[in-house]
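The values are calculated or read from the model by the stated rules, or taken from the named source; none is laboratory data. The structure presented is a predicted model; accordingly, all values stated were derived computationally and were not measured. With ideal geometry, Cβ positions are generated from the backbone for all residues, glycine too; neighbour counts draw on all protein chains shown.
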Amino acid sequence: MIKSDAIEAANGKAEAKLKADYDALGEHLDRRGIDITAIKAKVARYGVAIPSWGVGTGGTRFARFPGAGEPRDVFDKLDDCGVIQQLTRATPSVSLHIPWDAQPAADLNGKAEEVGLTFDAMNSNTFQDQPDQAHSYKFGSLSHTDKATRQQAVDHNIACIELGAQIGSKALTIWVGDGSNFPGQTSFTRQFERYLDATKQVYNALPDDWTLLTEHKMYEPAFYSTVVQDWGTNLLIAQQMGDKAKCLVDLGHHAPNVNIEMIVARLTQFGKLGGFHFNDSKYGDDDLDTGSIAPYRLFLVFNELVEAESDPDFDPMHMLDQSHNVTDPIESLMVSATEVQRAYAQALLVDRSALFACQEANDALMATTMLKHGFRTDVEPILAMARLEQGGAIDPVAAYRASGYRARAAGERPAVRGAGGGIV
Ligand SMILES: [Mn+2]
């Protein structure tokens with residue numbers, strides 16, 4: 001962790017300038033009829049979960065170039081996640097991936113308490129084989145033609161729930177690599193029947209206060225078809241399972257130019273939006289840093305989420321899901337968490353009653369201008385002030401670089417050979 005006096009020292013130089021910028025923005029928003037402190041309070045309450053696998057350097061199908069001081073195990077990962085939360089105050093929880101992070105619950109709870117974090121959704125893994133497993137997932141897991149293989153996948157998911165229940169998690173996220181690589185290789189219908197049957201067994205093992213999140217993905221690793229290829233199939237799964245099942249939307253898991261914000265609206269309308277994996281993409285499931293390619297799309301997603309906020313039961317889970325190949329993962333995750341918060345703050349600035357009036361009057365130009373007005377507003381002083389008031393850093397990356405945390409980690413953590421990045 002980073003010493004609090006180091007954060008204070010980093011903030012010291014920037015605090016007066018931030019105060020001036022914040023006051024100026026407050027005056028500007030006041031003229032628009034917006035109370036800056038109300039926006040700041042909502043931003044301060046907002047949190048996005050860090051995926052445990054995100055703090056290691058990812059990789060591509062071609063190579064992985066490890067960084068210095070990479071986490072060796074889940075406890076190192078929790079240390080890194082603790083630093084991200086310490087500086088950004090936007091990432092209070094961590095999403096574990098099993099079996100990569102499987103450890104006794106007491107040890108996980110102890111470490112989480114030490115670094116000031118809680119646990120978000122559990123993620124199961126049936127897209128790769130583990131050294132000790134009896135049946136291979138080469139041709140699928142929950143939808144495999146072989147019953148014993150399906151059962152193995154079911155049992156693994158139930159084990160994830162059991163561990164999660166001991167560490168305060170309330171959700172299981174399932175993403176499978178199941179599908180096919182050739183036309184004719186599999187029967188779309190029979191494969192989906194097997195998937196539904198197996199997933200129902202997992203669903204039946206959920207505690208009452210848990211949510212099952214299923215994640216769709218158009219392609220990869222199966223390149224001709226995937227068993228849960230899009231939000232339509234995902235919705236069918238959630239409907240077939242029951243009230244505790246909802247859909248998870250990973251921004252990178254769609255065809256280029258798909259209207260993701262509209263998918264968000266549809267799933268919200270029917271109570272089936274369960275959560276997000278935030279990232280960004282240019283061509284496919286690139287797992288790039290959130291907001292690095294299409295910040296306006298991210299804003300439009302949050303525009304839908306803010307629209308739905310008035311429903312007290314609306315509470316989707318928010319998580320980052322990125323692969324960092326050329327940056328320090330801690331820096332990328334801090335910037336990404338801030339980008340998600342920024343999109344939220346910008347969406348909060350939209351005058352919803354005026355927008356509604358424009359929509360009713362079919363004033364397309366003014367309606368879209370209202371969205372742009374929110375998006376164009378520089379809300380950085382709100383985000384920075386929310387961080388500062390909670391003990392975080394005005395400039396998280398600058399404070400992190402000044403702290404020497406990575407160099408210290410490099411000294412304490414010898415390089416591990418072949419540590420997986422893990423991209424889902
Ligand atoms: Mn994902």
request  = Considering (1) in contact with a His (Cβ under 8 Å, 6 or more places away or on another chain); (2) within 16 Å of the ligand (Cβ to nearest atom); (3) farther than 25 Å from GLY404 by Cβ, say which one SER332 fails and leave the rest.
outcome  = (3)
ask   = Does the stretch 298-306 contain any residue that is within 30 Å of PHE65 (Cα to Cα) and not basic (Lys, Arg)?
value = yes
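Going residue by residue through the stretch 289-297, is there one that turns out to be part of a loop (DSSP other than H, G, I, E, B), touching a Leu at 6+ places or on another chain (Cβ under 7 Å) and not polar (S, T, N, Q)?
Checked the stretch 289-297: at least one residue is part of a loop (DSSP other than H, G, I, E, B), touching a Leu at 6+ places or on another chain (Cβ under 7 Å) and not polar (S, T, N, Q).
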query = Between a first residue in the stretch 364-384 that is under 16 Å from LEU298 (Cα atoms) and a second residue that is small (Gly, Ala, Ser) and crowded, with 21+ Cβ neighbours inside 10 Å, which pairs have beta carbons less than 7 Å apart while being 6 or more apart in sequence or on different chains?
reply = GLY374/ALA347; VAL379/ALA345
note = When (1) in contact (Cβ under 8 Å) with a residue 60 or more places away in the chain; (2) within 14 Å of the chain's Cα centre (by Cα); (3) under 24 Å from ASP5 (Cβ atoms) are applied to ASP79, the one that fails is (2)
ask   = Which members of the stretch 158-173 meet the condition of being part of a helix (DSSP H, G or I), more than 16 Å from the ligand (Cβ to nearest atom) and under 17 Å from MET241 (Cβ atoms)?
value = ILE158, ILE161
ask   = Which of the residues belonging to the stretch 284-299 are away from the ligand (no atom under 16 Å from the Cβ) and either crowded, with 21+ Cβ neighbours inside 10 Å or modelled with pLDDT under 95 (or both)?
value = GLY291, PHE299
remark   = Per the list (1) hydrophobic (A, V, I, L, M, F, W, C); (2) away from the ligand (no atom under 16 Å from the Cβ); (3) surrounded by 15 or more Cβ atoms within 10 Å (Cβ to Cβ); (4) within 29 Å of PRO221 (Cβ to Cβ), residue check on LEU87 breaks on (4)
ask   = Taking the stretch 328-361 only, how many residues are part of a loop (DSSP other than H, G, I, E, B) and surrounded by 15 or more Cβ atoms within 10 Å (Cβ to Cβ)?
value = 4
query = Are there any pairs with C-beta distances below 6 angstrom linking a residue in the stretch 181-205 that is more than 18 Å from LEU236 (Cβ to Cβ) to a residue that is in a helix (DSSP H, G or I) and at pLDDT 95 or above, with the two at least 6 apart or on different chains, and if so which?
reply = ALA205/ILE158; ALA205/ILE161
remark   = Note: among ASP313, ASP287, just one is of a type in the set (Asp, Glu) and more than 19 Å from GLY47 (Cβ to Cβ), namely ASP287
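Residue-by-condition table, conditions (1) closer than 16 Å to ALA121 by Cα; (2) over 23 Å from the mean Cα position of the chain (by Cα); (3) surrounded by 16 or more Cβ atoms within 10 Å (Cβ to Cβ); (4) among the hydroxyl-bearing types (Ser, Thr, Tyr):
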{"residue": "SER169", "(1), (2), (3), (4)": "yes, no, yes, yes"}
{"residue": "ASN181", "(1), (2), (3), (4)": "no, yes, no, no"}
{"residue": "GLN185", "(1), (2), (3), (4)": "no, yes, no, no"}
{"residue": "TYR195", "(1), (2), (3), (4)": "no, yes, yes, yes"}
{"residue": "ALA198", "(1), (2), (3), (4)": "no, yes, yes, no"}
{"residue": "TYR203", "(1), (2), (3), (4)": "yes, no, yes, yes"}
{"residue": "LEU212", "(1), (2), (3), (4)": "yes, no, yes, no"}
{"residue": "ASP230", "(1), (2), (3), (4)": "no, no, yes, no"}
{"residue": "CYS247", "(1), (2), (3), (4)": "yes, no, yes, no"}
request  = Give just the number: which of (1) modelled with pLDDT under 95; (2) within 20 Å of VAL335 (Cβ to Cβ); (3) not hydroxyl-bearing (Ser, Thr, Tyr) does VAL48 not satisfy?
outcome  = (1)
request  = Taking LYS40 as the residue in question, decide whether it is of a type in the set (Lys, Arg) and free of Cβ contacts under 8 Å to residues at least 12 places away in the same chain.
outcome  = no
task = Tell me which residues, restricted to the stretch 143-167, are in contact with a helix residue (DSSP H, G or I) (Cβ under 8 Å, 6 or more places away or on another chain), buried (at least 19 other Cβ atoms within 10 Å of the Cβ) and of a type outside the set (A, V, I, L, M, F, W, C).
result = SER143, HIS144, ARG150, ASN157
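Tell me, which helices (runs of 4 or more DSSP H) wholly within the stretch 174-271 include 1 or more residues that are within 16 Å of the ligand (Cβ to nearest atom), out of contact with any Cys (no Cβ under 9 Å at 6 or more places or on another chain) and of a type in the set (A, V, I, L, M)? Before you say what the answer is, go through the steps one by one.
Values: elements: 188-204, 231-241, 260-269.
Correct list: 260-269.
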inquiry  = With the requirement that a residue be surrounded by 15 or more Cβ atoms within 10 Å (Cβ to Cβ) and of a type in the set (A, V, I, L, M), what does the stretch 46-73 give you?
reply    = VAL48, ALA49, ILE50, VAL55
ask   = Which fully enclosed helices (runs of 4 or more DSSP H) of the stretch 8-124 have 2 or more residues being over 20 Å from GLY392 (Cβ atoms)?
value = 74-88, 105-115
